[in-house]
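Worksheet: the structure to be examined is printed underneath.
The values are calculated or read from the model by the stated rules, or taken from the named source; none is laboratory data. None of these values were measured; they are calculated from a predicted model. Reconstructed Cβ throughout: ideal geometry from the backbone, glycine too, with neighbour counts over all protein chains shown.
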Amino acid sequence: MATTVLVGAQWGDEGKGKIIDVLTEQADVVVRYQGGNNAGHTVEVGSEKYVLHLIPSGILYPGKLNVIGNGVVVDPLALLEEIDHLQSRKIAVDGNLLVSDRAHLVLPYHRLLDGIREQSNKIGTTKRGIGPAYSDKVGRTGIRMIDLLSPEKFSVKLRRKVRETNEIARTFGQKPLSFAKINADYLAAGKKLRKYITDTITLLNRHERDGRQILLEGAQGTLLDIDFGTYPFVTSSNTTAGGACAGSGIPPHRIGRVVGVMKAYTTRVGEGPFPTELLDEQGATLRKVGSEFGATTGRPRRCGWFDAIATRYSVMLNGIDELAVTKMDVLDAVPKIKVCVAYKLDGKLIDTVPADVDDLQRCLPVYQEFDGWQTSTKHVRDFDDLPKRARLYLNKLAQLSGTKLGIVSVGARREETMFL
Ligand code: GDP
Ligand code: IMO
Ligand code: MG
């Protein structure tokens with residue numbers, strides 16, 4: 001397996017965790033390179049279900065190295081909680097997890113600011129402090145993992161940030177934060193995390209040179225990318241394949257393969273335009289059959305038909321070599337399935353995603369309709385054994401998106417997967 005980047009090709013929750021888990025078998029190292037605990041990646045192994053937020057989904061395979069790269073924003077308390085949770089379920093973490101010393105921290109004032117900003121400028125964030133943490137990183141006032149290991153330095157930087165945030169908190173009538181408490185809590189967390197923190201950049205490059213198989217696990221999805229997504233209704237990082245290099249330290253020419261994960265329909269959580277959204281009974285059915293509720297916040301996901309304009313944009317931006325189409329089984333009982341093949345904007349047909357969200361908001365989907373297969377695909381393990389109409393539908397999704405089909409998933413569990 002060449003060094004592989006796996007990205008979400010829609011608005012997140014495409015089933016990246018499941019596909020990472022399946023691909024981890026062939027990998028030696030799994031790396032998260034952006035986002036933070038806004039992500040919720042679900043992996044089902046046998047009767048056990050795990051939701052990973054910060055730790056790469058490869059952790060469930062014994063003996064694989066999992067790396068939280070420099071591009072991730074890490075809430076130390078959330079990370080410790082996740083480590084404890086996995087350990088309580090007998091998943092080995094020590095020796096299998098490393099965290100970049102350059103990763104930026106998410107601290108309580110980031111969550112406070114996330115909440116305040118949501119009041120006046122609603123994005124529908126996960127309120128995990130992700131946007132404010134990345135703002136500090138870019139604004140050069142961030143605090144990093146390495147700082148957590150130098151108590152004095154950490155305290156000086158933290159004091160400044162808490163003072164600054166408390167001014168804002170007061171303006172918005174919020175309770176000010178206690179420097180002393182945050183300082184004590186996070187320095188204690190730093191002590192516990194010390195054994196995981198290292199120079200992951202040199203280490204990853206060494207592994208790569210030694211021929212070890214590296215799998216880079218994207219979070220969120222292409223249409224939530226800070227540059228290419230439906231701005232401002234996006235997350236604050238580069239979720240696209242380009243972000244994998246910046247967020248891990250692996251050079252671009254070392255990436256050999258890009259896998260794009262997409263659902264056989266579309267979902268979105270939070271605010272923002274969604275041209276194929278179904279606000280009717282059909283949307284409610286997809287939500288129910290697909291259990292479309294957020295893995296991080298529990299919010300109901302907005303559901304709609306497959307949008308081939310969005311996925312073609314995704315294939316282009318990420319250089320997707322191979323598609324992993326998930327949740328085919330959710331469409332098993334749908335008699336007529338629609339796919340958006342163009343947008344109509346002010347009477348004109350377009351086949352690209354407009355830069356202005358107000359334009360995208362006004363885009364009407366132009367659909368092509370497919371007959372459903374109306375039989376269960378849950379137990380199918382070979383592409384050729386899928387009903388003819390299901391194969392036709394899948395081939396059409398790949399053709400419209402402009403790339404080839406690599407993996408089809410018909411259930412949340414490892415074995416409910418077929419490779420082409
Ligand atoms: P991620 O954020 O991209 O990792 O996706 P989430 O875990 O947030 O959401 C995907 C959901 O779909 C999870 O509950 C998965 O267990 C589930 N899932 C993944 N693949 C399939 C599939 O092929 N069929 C069904 N029915 N569920 C799936
Ligand atoms: P995974 O990795 C789906 C959405 C939020 C909101 C916007 C900004 O599980 O696919 P943020 O908290 O990041 O500032 O929120 O992005 N969002 C996601 N939607 N899946 C995710 O992650 C998401 N992470 C953030 O709902 O609309
Ligand atoms: Mg998710």
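Exactly one residue among V138, V162, V156 is over 30 Å from S120 (Cα atoms) and either assigned by TED's automatic domain parsing to the domain that holds T126 or acidic (D, E) (or both), and that residue is V156. One residue stands out among those in the stretch 137-156 that are of a type in the set (A, V, I, L, M, F, W, C) and buried (at least 20 other Cβ atoms within 10 Å of the Cβ): the one that is farthest from K181 (Cα to Cα), which is M145.
Quick one: which residue in L65, L60, L23, L54 is under 18 Å from Y196 (Cβ atoms), more than 16 Å from ligand 3 (Cβ to nearest atom) and aliphatic (A, V, I, L, M)? Outline the logic, then answer.
Details: L60 fails: more than 16 Å from ligand 3 (Cβ to nearest atom); L23 fails: under 18 Å from Y196 (Cβ atoms); L54 fails: more than 16 Å from ligand 3 (Cβ to nearest atom).
Being under 18 Å from Y196 (Cβ atoms), more than 16 Å from ligand 3 (Cβ to nearest atom) and aliphatic (A, V, I, L, M) holds for just one of L65, L60, L23, L54, which is L65.
For N70, the stated conditions hold: it is more than 16 Å from ligand 2 (Cβ to nearest atom) and within 18 Å of Q220 (Cβ to Cβ).
Note on the stretch 363-382: residues that are closer than 14 Å to S409 by Cα and surrounded by fewer than 16 Cβ atoms within 10 Å (Cβ to Cβ) total 5. Quick one: in the stretch 9-58, of everything that is farther than 20 Å from S88 by Cβ and within 7 Å of ligand 1 (Cβ to nearest atom), which residue is surrounded by the most Cβ atoms within 10 Å (Cβ to Cβ)? Once the filter is applied, the top-ranked residue is A39. Hey, among the residues in the stretch 207-259 that are near ligand 2 (Cβ under 10 Å from one of its atoms) and either touching a Pro at 6+ places or on another chain (Cβ under 8 Å) or assigned to a helix (DSSP H, G or I) (or both), which one's farthest from D321 (Cα to Cα)? Filtering the stretch 207-259 for residues that are near ligand 2 (Cβ under 10 Å from one of its atoms) and either touching a Pro at 6+ places or on another chain (Cβ under 8 Å) or assigned to a helix (DSSP H, G or I) (or both), the one farthest from D321 (Cα to Cα) comes out as F233.
Considering only the stretch 175-197, how many residues are surrounded by fewer than 16 Cβ atoms within 10 Å (Cβ to Cβ) and of a type in the set (S, T, N, Q)? Outline the logic, then answer.
Kept after step one, since they are surrounded by fewer than 16 Cβ atoms within 10 Å (Cβ to Cβ), are these residues of the stretch 175-197: 175-176, 178, 180-181, 184-185, 188, 191-192, 194-195.
Okay, now just the ones that are also of a type in the set (S, T, N, Q), so 178.
Residues in the stretch 175-197 being surrounded by fewer than 16 Cβ atoms within 10 Å (Cβ to Cβ) and of a type in the set (S, T, N, Q): 1 in total.
Restricting attention to the stretch 346-379 and to residues that are touching a Gly at 6+ places or on another chain (Cβ under 9 Å) and outside any loop (DSSP other than H, G, I, E, B), the residue that is nearest to T417 (Cα to Cα) turns out to be P365.
Within the stretch 288-345, restricting attention to residues that are part of a strand (DSSP E or B) and acidic (D, E), which residue is farthest from Y393 (Cα to Cα)? For the stretch 288-345, the residue satisfying everything is E322. If you filter the stretch 262-303 down to residues that are of a type in the set (F, W, Y) and under 20 Å from V410 (Cα atoms), you find that the one that is surrounded by the fewest Cβ atoms within 10 Å (Cβ to Cβ) is F293.
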